[in-house]
Amino acid sequence: TPTGRGYWLVASDGGIFSYGDAAFYGSMGGQRLNSPVVDMTPTATGRGYWLVASDGGIFAFGDAVFYGSTGGLRLNSAVVGLASSASGRGYWLVASDGGIFAFGDAPFVGSTGALSLNAAIVGMASSPHGLGYWLVATDGGIFAFGDAPFQGSAGAIRLAAPIAGMASDATTGGYWMVADDGGVFAFGAPFLGAG
């Protein structure tokens, strides 16, 4: 949440679990989905959130506005991540090949969709000013676009477990990666511990 005193978890069936000061605004739990939910992101106010399915379908709750989706398109690769613009009036979807889909006021500033990658993309995070984004691959490789500064990667390190996702730090402009085993890698952001 914007206060840092709460968070949401999302299940693959679209069920939402809210903790701390994170409010529940609705979910897709109990409804038939075409594809599993793979990610979620809150609005800038924290009074809503978007869910994204692997086919790029978007589900908006609370003050989250629907700006479009790829749910009706045939994709080259499954969608694996979602990030919102700084204003909260747009969002990006990222596919496992690094293809980017921009909606609302989220600007398209590049992708890896046409590149041959060493490892699949598994997540993304938006820059603090919302004019760029980072993509992260399972091998810890980082791809920076727009005003998102490259702060380092784990692409050349032998990892004990593959990277599963990432988050950005609005204060420092850095980011964290998390691995399947709970290991955390901090680049330009403070290391606060690992699971």
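The values are calculated or read from the model by the stated rules, or taken from the named source; none is laboratory data. What you see is a predicted model, and the numbers here were worked out from it, not measured in a lab. Please note: Cβ atoms are built from the backbone with ideal geometry, for glycine as well, and neighbour counts cover all protein chains shown. Surface accessibility is based on the protein's heavy atoms, side chains included, excluding ligands, DNA and RNA. Shrake-Rupley method; radii C 1.70, N 1.55, O 1.52, S 1.80 Å.
Rolling a 1.4 Å probe over the protein heavy atoms gives segment 22-91 an accessible area of 46 Å² per residue.
Using 0.36 nm per residue and subtracting the Cα-Cα separation, the extra length available between residue 147 and residue 120 on full extension is 7.4 nm. For the chain, the relative contact order comes to 10 percent (Cα pairs under 8 Å, sequence separation of at least 6). Here residue 63 and residue 108 are evaluated by their C-beta separation; at R0 = 35 Å the FRET efficiency comes out at 0.90.
Give me the percent of accessible area attributable to carbon and sulfur for the chain, probe 1.4 angstrom.
Values: 4870 of 9160 Å².
With neighbouring chains kept in place, the figure for the chain is 53 percent.
Determine the distance separating the Cα centre of segment 8-43 from the Cα centre of segment 109-130; give it in Å without decimals. For segment 8-43 versus segment 109-130, the Cα centre distance is 23 Å. Of the chymotrypsin sites (Phe, Trp or Tyr not before Pro) found in segment 139-195, the ones in coil according to DSSP and having at most 16 other Cβ atoms within 10 Å of their Cβ are 150, 191. The structure-derived value of Rg/Rh (Cα atoms, Kirkwood Rh) appears in the list (1) 1.05; (2) 0.96; (3) 0.93 under the label (3).
In this simple spin-label approximation, residue 192 and residue 89 carry label points 7 Å from Cα along the Cα→Cβ vector, and these lie 3.0 nm apart.
Extension gain, residue 131-residue 76: 0.36 nm per intervening residue step, less the Cα-Cα distance, totals 17.3 nm. The charge dipole of the chain, taken about its Cα centre with unit charges on the Cβ of Lys, Arg, Asp and Glu (plus for the first two, minus for the last two), comes to roughly 160 debye. Each Lys or Arg adds one and each Asp or Glu takes one away; over the other residues whose Cβ falls under 11 Å from the Cβ of residue 127, this sums to -2.
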